[in-house]
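The values are calculated or read from the model by the stated rules, or taken from the named source; none is laboratory data. Quantities reported herein were computed from a predicted structural model and do not represent experimental measurements. Glycine also receives a Cβ, built like all others from the backbone with ideal geometry; neighbour counts cover every protein chain displayed. Ligands, DNA and RNA are stripped out before the accessible areas are found, and what is left, the full protein with its side chains, is counted by its heavy atoms. Shrake-Rupley method; radii C 1.70, N 1.55, O 1.52, S 1.80 Å.
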Amino acid sequence: MKPIDLHVHSIYSDGTLTPSQLIDTAIDTGLAAMAITDHDTIDGIPEALEYAKTKSFELISGIEFSTFFEKKEIHIVGLFIDHTNKAFNHELITQRKSREEKNIKMCKKFEEIGIHISYEEMLEWYAHSVITRAHFADYLLKKGYVHDRNEAFSRYIGDGKPCFVERNKMLPERAIELIKMAGGIAILAHPILYHLGNEQMTKLINYLCQHGIDGLEAIYSTYSMSDQIQMQKLASRYHLLISGGSDYHGANKPHIKLGTGTGKLFVPYEVLEKLKKQKDCIQ
């Protein structure tokens with residue numbers, strides 16, 4: 001059975017390949033299907049769907065929302081998003097304005113410590129993107145303020161660092177609501193990465209189930225085999241579907257490859273088949 005990848009980022013958020021380039025890479029890699037899940041935006045989906053048709057490639061329209069649950073950042077992936085849904089798009093515009101306000105505040109904080117960052121220049125450099133901290137890290141590196149992207153986070157823009165600014169916090173239940181509004185299904189992204197204890201994880205999953213979560217990422221680039229088994233058991237216990245993906249970002253995460261993650265990732269097509277059945281049931 002051919003592999004798939006249901007967690008991928010393009011230049012429209014913090015990846016380094018265009019949607020068309022991602023599709024070409026997916027085909028070269030031997031993937032049967034792929035979902036583009038950019039952070040808080042679906043701007044790359046029209047290009048992706050159009051190009052996928054010319055290549056007879058199965059492209060799933062998606063998104064990844066950043067949300068907060070009890071002060072912990074939690075990501076919710078939406079799959080099978082109707083990118084033409086007007087109410088959904090209106091909400092994304094509101095989210096983008098909030099992010100822009102945060103980015104401008106970050107630039108001011110840099111000015112206060114003697115580092116000039118031109119937000120106008122960033123908008124030119126990353127014209128198609130929703131600008132995230134990853135773009136600030138890249139900008140600092142290109143300007144010679146840091147030696148690598150990790151230093152940008154550890155010195156300036158990581159949580160609690162001098163130039164960090166919090167965004168308006170979206171609750172996971174709101175992200176789930178928006179995904180359902182756009183005809184999609186909602187997936188808890190990479191649960192292992194939140195480093196929750198059993199009690200905290202149980203509380204999170206119970207909360208998400210109460211608000212209609214459909215599944216969780218049980219297969220992921222950085223999971224060990226024991227992590228994967230643990231997540232599959234968790235999904236089974238709560239009658240959730242499983243999803244999986246590389247979280248590919250191109251050159252921004254060079255150790256993660258499309259479809260194969262760090263080398264051992266394999267998400268079988270049957271995972272997508274079960275997700276499709278769920279989508280058909282809720283329509």
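Ignoring ligands, DNA and RNA, how do 1, 231 rank by accessible area with a 1.4 Å probe, largest first?
Working: 1 140, 231 0 Å².
So the residues, ranked largest to smallest area, are 1, 231.
Quick one: helix 269-282 against the long Cα principal axis of the chain, what's the angle to the nearest 10°, folded into 0 to 90?
Value to nearest ten degrees: 90.
Using the basic label-point model (7 angstrom from Cα toward the beta carbon), what is the residue 70 to residue 222 distance in nanometres?
In this crude label model, residue 70 to residue 222 measures out at 2.2 nm.
Carbon-plus-sulfur fraction of the accessible area of the chain, 1.4 Å probe, in percent? Working shown, then result.
On the way: 6730 of 13230 Å².
Solvent-exposed carbon and sulfur of the chain make up 51 percent of the total.
Quick one: order 99, 149 from most to least accessible surface, probe 1.4 Å.
Numbers: 99 20, 149 75 Å².
Heavy-atom accessible area, descending, gives 149, 99.
In a Gaussian network model over the chain where Cα atoms closer than 10 Å are linked, find which of 260, 29, 16 has the largest mean-square fluctuation.
Looking only at 260, 29, 16, the biggest GNM fluctuation is shown by 29.
If you count, for each residue, the other Cβ atoms within 10 Å and average over each peptide, how do 52-65, 237-250 line up from highest to lowest? Don't skip to the end; give the middle numbers.
Numbers: 52-65: 18.9, 237-250: 21.1.
So the order, starting with the most tightly packed, is 237-250, 52-65.
How large is the accessible surface of residue 151 in square angstrom, using a 1.4 angstrom probe and rounding to the nearest 10?
Per-residue accessible area (residue 151): approximately 30 Å².
Please compute the per residue accessible area over the chain with all protein chains in place, 1.4 Å probe, rounded to a whole number of Å². Mind showing how you got there, number by number?
On the way: 13230 Å² over 283 residues.
Per-residue accessible area for the chain comes out at 47 Å².
Roughly how many whole Å is it from the C-alpha centroid of the stretch 159-203 to that of the stretch 237-283?
18
How far apart, in nanometres, would the label points at residue 118 and residue 150 be if each is projected 7 angstrom from Cα along the Cα-to-Cβ direction?
Each label point lies 7 Å from its Cα, and together they span 3.1 nm.
Hey, which of these cross-link pairs are over 27 Å Cα-Cα: 72/277; 97/180; 55/257; 142/169; 86/276? Don't skip to the answer; put the middle values down first.
Values: 72/277 31 Å; 97/180 22 Å; 55/257 21 Å; 142/169 30 Å; 86/276 23 Å.
The pairs that break the limit, which is 27 Å between Cα atoms, are 72/277; 142/169.
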